[in-house]
1. With (1) without any contact (Cβ under 8 Å) to a residue 24 or more places away in the chain; (2) open to solvent by 50 Å² or more (accessible area, probe 1.4 Å) as the list, and V305 as the residue in question, which single condition is left unmet?
2. Would you be able to tell me the number of residues in the range 266-291 that are of a type in the set (K, R) and open to solvent by 10 Å² or more (accessible area, probe 1.4 Å)?
3. Considering only the range 339-367, state which residues are at positive phi and not in a strand (DSSP E or B).
4. Show me the strands (runs of 3 or more DSSP E) entirely contained within the range 135-201 in which 1 or more residues are open to solvent by less than 30 Å² (accessible area, probe 1.4 Å) and in contact with a strand residue (DSSP E or B) (Cβ under 6 Å, 6 or more places away or on another chain).
5. Filter the range 234-251 for residues that are part of a strand (DSSP E or B) and touching a strand residue (DSSP E or B) at 6+ places or on another chain (Cβ under 8 Å) and give the result.
6. When you look at F208, is it among the hydrophobic types (A, V, I, L, M, F, W, C), touching a helix residue (DSSP H, G or I) at 6+ places or on another chain (Cβ under 7 Å) and open to solvent by 60 Å² or more (accessible area, probe 1.4 Å), yes or no?
7. Filter the range 211-220 for residues that are in contact with a Phe, Trp or Tyr (Cβ under 7 Å, 6 or more places away or on another chain) and open to solvent by less than 60 Å² (accessible area, probe 1.4 Å) and give the result.
8. Got at least one residue in the range 334-352 being free of Cβ contacts under 8 Å to residues at least 12 places away in the same chain, surrounded by fewer than 20 Cβ atoms within 10 Å (Cβ to Cβ) and in contact with a strand residue (DSSP E or B) (Cβ under 8 Å, 6 or more places away or on another chain)?
Amino acid sequence: MKQIHWTRQILSNKPINVLRNTPKFLLLTTSIILLITIIHPLISSDKNLNVSWDDLKLEGCDIFRGEWVWNPDATYYTNNTCNFIHEHQNCMKYGRPDTDFLKWRWKPNDCELPAFDPVQFLELLKGKTMAFVGDSVGRNQMQSLMCLLSKVENPEEISSDFHFARWKYTSYNFTIATFWTPFLVRSEQQEGKGPTNNGLFDLYLDEFDVKWTTKIHEFDYIILSAGHWFYRPAMFYENGNLVGCFSCLRDDVKDIGMSYGYGKAFQNAFRAINSSPNFTGTTYLRTFAPSHFENGTWDSGANCVKKKPFKSSETRIDANGSSLYNAQMKEFRVAKEEGKKTGKKFRLLDTTQAMLLRPDGHPSTYGHWPQENVTLYNDCVHWCLPGPIDSWSDFLLEMLKMDE
């Protein structure tokens, strides 16, 4: 500090006439160069100085607001080194020709987000349990995490039930699980194809889906999410009564919008967590991840063909996506305050903005062979593995570290 102070005094010494007549911008530039010259040797000469992101991050940095920047070091696994990739997200297997979509990392505006460290993650969660509760995008997230962890250890499968599957990392006594519950609440599919040929679902918005709510006490961490199933036609029930619908196309039932059912579903899911007397863990709300269908809808031939990320100034979330995001955020804030009364923790894993900027990260037509007859032929909902969804583990690990 004495050297810095001394330098500042020399540069501002009034008897030196040449400095008095020097333009201010030139003086500033010269000062900066001198400061760097003085400080750099002091830092580089200290071999024991370790600078971490925690030392450099700005107070209150929002890791969820930023841009995607080029990262030639990626990727951290392949479809040949990871055995947990769902077929429909195995883009390399099914012939995706470009690989540049793999070489980007998320850069927050005001700080750095470290790359996922599988050893650090497993050490933090040693002896813990984590459940991913939601739909196939939630399962997509879990499989991404398992692929990243496969560099350290492959887990033992405990249960392979589609609706409730578990794996255990025996060296760390860490259990990971997935619950299939696309609506989060009790739901039933009606017979037939429904008004838009995409099915019609009865959603009981104030009733728990007991397949997962009766088991949450077994877990230390819950990653809660839901999304694109709410785009399907649905009948909404509360207190056993039909209160409205979304896209049911019935003259005798009021269409009250998908965000109504979406918000109520999260309200009910959070209520299940807050009312559980034996759950003492932490709940992460993983926010809505937008799809990127262009020139139509998912069931009318729309596709996603872009090859690189958007910049944040180049796109905005659409009205439907915004309404869903706002609905879940509203219920999250209420649940978080309610949870404080009983010591339950709620954290926000806000992936919406980052994934809005990644139209290039979906399987598109590379989640199956061309001749296959599949429901979602052009998949612009799920994410290739490896791919941009791997960044969700970067977010998750950083949040786990903050809670330590």
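1. (1)
2. Counting residues in the range 266-291 that are of a type in the set (K, R) and open to solvent by 10 Å² or more (accessible area, probe 1.4 Å) gives 1.
3. First, the residues of the range 339-367 that are at positive phi: 343, 364.
Matches in the range 339-367: G343 only.
4. Details: elements: 156-161, 164-169, 174-180, 185-189.
Answer list for the range 135-201: 164-169, 174-180, 185-189.
5. As a first pass, look at the range 234-251 and keep what is part of a strand (DSSP E or B): 234-238, 241-246.
Listed by number, the residues that qualify are A234, M235, F236, Y237, E238, L242, V243, G244, C245, F246.
6. Numbers: among the hydrophobic types (A, V, I, L, M, F, W, C): yes; touching a helix residue (DSSP H, G or I) at 6+ places or on another chain (Cβ under 7 Å): yes; open to solvent by 60 Å² or more (accessible area, probe 1.4 Å): yes.
For F208, the condition - among the hydrophobic types (A, V, I, L, M, F, W, C), touching a helix residue (DSSP H, G or I) at 6+ places or on another chain (Cβ under 7 Å) and open to solvent by 60 Å² or more (accessible area, probe 1.4 Å) - is met.
7. W212, I216
8. Checked against the condition, which is being free of Cβ contacts under 8 Å to residues at least 12 places away in the same chain, surrounded by fewer than 20 Cβ atoms within 10 Å (Cβ to Cβ) and in contact with a strand residue (DSSP E or B) (Cβ under 8 Å, 6 or more places away or on another chain), the range 334-352 yields at least one hit.
The values are calculated or read from the model by the stated rules, or taken from the named source; none is laboratory data. Given the structure is predicted, the values throughout are model-derived calculations rather than measurements. As a convention, Cβ positions derive from the backbone with ideal geometry for all residues, glycine included, and neighbour counts pool all protein chains shown. Keep in mind that these areas ignore ligands, DNA and RNA; they rest on the heavy atoms of the full protein, side chains included. Shrake-Rupley method; radii C 1.70, N 1.55, O 1.52, S 1.80 Å.
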